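For reference, the structure is listed below as structure tokens.
The values are calculated or read from the model by the stated rules, or taken from the named source; none is laboratory data. These numbers were taken from a predicted model, which means no experiment stands behind them. Neighbour counts run over all protein chains shown; Cβ positions are idealised from the backbone, glycine included. Accessible surface is based on the protein model in full, side chains and every heavy atom, while ligands, DNA and RNA are left aside. Shrake-Rupley method; radii C 1.70, N 1.55, O 1.52, S 1.80 Å.
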Amino acid sequence: SCKPFGAPGNIFPLLQTALAATVINQSRAGIPRLILINTGSIRFDLVKGPFTYDDSFIVSPFIDAFEFIPNVPYSIAE
């Protein structure tokens, strides 16, 4: 029942969109950012319907933390 990686309906493009829209320090909103994530952090599919707090632990049962390193030139981050 899984969608292939990168296919429409796959969870990872949704995750990319969600992270790009929500992980913003407003004072740095105009500065490009690079987010790295391990695909192993997602453990289950999303199903159609309401998404509950409990569902969040089924999809990704880990304590997620964002580490921030300011002012890294893209040439170095790349």
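Of the numbered conditions (1) part of a helix (DSSP H, G or I); (2) open to solvent by 90 Å² or more (accessible area, probe 1.4 Å), SER56 fails exactly one; give the number of that condition.
All conditions are met except number (2).
Do we find a residue being touching a Ser or Thr at 6+ places or on another chain (Cβ under 8 Å) and assigned to a loop (DSSP other than H, G, I, E, B) anywhere in the stretch 70-77?
no
In the stretch 1-26, which residues are in a helix (DSSP H, G or I), of a type in the set (Val, Ile, Thr) and surrounded by 10 or more Cβ atoms within 10 Å (Cβ to Cβ)?
ILE11, THR17, listed by residue number.
ALA29 is checked against (1) of a type in the set (Gly, Ala, Ser); (2) open to solvent by less than 70 Å² (accessible area, probe 1.4 Å); (3) modelled with pLDDT of 80 or more; (4) out of contact with any Pro (no Cβ under 9 Å at 6 or more places or on another chain) and fails just one. What number does that condition carry?
ALA29 satisfies all of (1) of a type in the set (Gly, Ala, Ser); (2) open to solvent by less than 70 Å² (accessible area, probe 1.4 Å); (3) modelled with pLDDT of 80 or more; (4) out of contact with any Pro (no Cβ under 9 Å at 6 or more places or on another chain) except (3).
Looking at the structure I just gave you, is PHE44 assigned to a loop (DSSP other than H, G, I, E, B), out of contact with any Phe, Trp or Tyr (no Cβ under 9 Å at 6 or more places or on another chain) and open to solvent by 60 Å² or more (accessible area, probe 1.4 Å)?
yes
Which one is nearest to the chain's Cα centre (by Cα) among residues in the stretch 32-41 that are surrounded by 10 or more Cβ atoms within 10 Å (Cβ to Cβ) and not hydrophobic (A, V, I, L, M, F, W, C)?
Going through the qualifying residues, I end up with SER41.
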